[in-house]
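Just so it is clear, none of the values below were taken in a lab; they were calculated from the coordinates. It should be emphasised that the depicted structure is a prediction, and the values quoted were computed from it without experimental measurement. Methodologically, a virtual Cβ is constructed for each residue, glycine included, from the backbone with ideal geometry; neighbour enumeration extends over all protein chains shown.
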Amino acid sequence: MSNPSMNAGWYPAPDGSGHSWWWDGAQWMPPQVEASPIPPAGPGTLRLAIVVQVLLFASAALALATVAVEAFGIASVSDYLGGNDGATSTITTYDTLSAVVALLSLIVLVGTGILWAIWQYRLATQVLGRARRSPGWHAGSWFIPVVNWWFPYQNVSDLWRAAGRARPGWQIAWWGLWIASSVTGSISAQMSFRAQSLEEYLVAMIVSLLSSLLMLVAAIFAVRLVRQLTRAYA
């Protein structure tokens with residue numbers, strides 16, 4: 001099935017074995033060629049992976065804090081709507097806590113995203129020609145709208161294959177949780193901005209709590225991914 005017009009990438013093996021082979025634009029590269037030794041990651045990349053994992057743990061901790069704050073806020077608003085006028089003070093406390101946790105979460109998220117992109121870029125430079133996209137795309141696809149819904153997942157999958165490892169089955173769970181968290185977080189923010197009543201704001205808080213729970217689990221999976229993928233390149 002070789003065709004000179006085919007782009008470089010992974011395709012079903014031409015021998016009908018059911019495996020995936022790499023087509024480099026001129027010839028097929030069977031599994032034993034794909035899994036040939038790659039240069040080990042340097043100490044800088046290994047240290048960067050540790051920092052990324054620490055930030056992911058921080059993201060998980062802040063997601064848990066957000067769940068607690070939102071639960072507190074939901075209880076306070078529910079009390080007020082139930083006729084407890086004294087709940088106004090606890091709602092004010094919720095507003096303060098929510099703003100602080102949201103700011104910290106944003107700072108950690110941005111820092112994690114930037115360092116993750118650098119870490120993934122460095123791994124991709126070790127397997128030039130073995131992945132369907134360049135190192136630049138490995139880093140940049142995280143920040144391009146629409147593209148960032150799927151390209152990063154494909155790129156990480158390519159890194160596993162290029163290292164001669166099978167993509168772990170739980171990777172799709174990590175990605176699904178990350179996408180679900182991002183979508184529900186965006187919905188919650190829009191609902192909060194447009195809320196005209198406490199009842200509407202209460203619904204937004206519930207959606208925010210759900211988003212944070214999803215983020216908490218996604219961050220834990222992400223730590224596992226960074227640790228195991230880095231080891232594959234060490």
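Taking the Cβ-Cβ separation of Val183 and Ala75 as r and a Förster radius of 22 Å, what is the calculated FRET efficiency to the nearest 0.05? Efficiency, rounded to the nearest 0.05: 0.30. Between Ser212, Ser78, Ser181, the residue with the greatest mean-square fluctuation in the GNM of the chain (Cα pairs under 10 Å linked by springs) is Ser78.
In units of the rule-of-thumb radius 2.2 N^0.38 Å, the stretch 100-177 shows an alpha carbon radius of gyration of 1.17. Using the Cβ-Cβ distance between Phe193 and Phe57 with R0 set to 30 Å, the FRET efficiency works out to roughly 0.50. Per residue of the chain, the DSSP helices (runs of n ≥ 4 H) give a summed -39500 (n - 2.57) that works out to -24000 deg cm²/dmol at 222 nm. A simple rule links phi to the HN-Hα coupling: the Karplus curve 6.51 cos²θ - 1.76 cosθ + 1.60 with θ = phi - 60°, which for the stretch 85-96 gives 5, x, 6, 4, 5, 6, 5, 5, 4, 4, 4, 5 Hz, with x for Gly and Pro. The phi torsions of the stretch 57-66, fed into the Karplus equation with coefficients 6.51, -1.76 and 1.60 and a -60° offset, translate into couplings of 4, 5, 4, 5, 5, 5, 5, 5, 5, 5 Hz, rounded to whole numbers, with Gly and Pro shown as x. Listed values for the stretch 75-84 are Karplus-derived 3J(HN,Hα) couplings in whole Hz (6.51 cos²θ - 1.76 cosθ + 1.60, θ = phi - 60°), namely 5, 5, 5, 4, 4, 5, 5, x, x, 8, and x replaces Gly and Pro.
Shown is the FRET efficiency for Ala68 and Trp170, computed with R0 = 22 Å from the Cβ-Cβ distance and rounded to the nearest 0.05: 0.25.
Less than 5 angstrom separates the built amide H of Trp21 from those of Tyr11, Ala13, all sequence-distant by 5 or more or on a different chain. Here the stretch 41-80 is treated as an ellipsoid with the same Cα gyration tensor; its semi-axes, largest first and in whole Å, are 38, 4, 4. Along its first, second and third principal axes, ordered by size, the chain spans 74, 37, 25 Å in Cα coordinates.
Mind running the shape call on the stretch 38-177? Use the C-alpha gyration tensor, a ≥ b ≥ c as the square roots of the eigenvalues: rounded below 1.5 for a/c, prolate if a/b tops b/c, oblate otherwise. Judged from the Cα gyration tensor, the stretch 38-177 comes out prolate (a/c at least 1.5, a/b above b/c).
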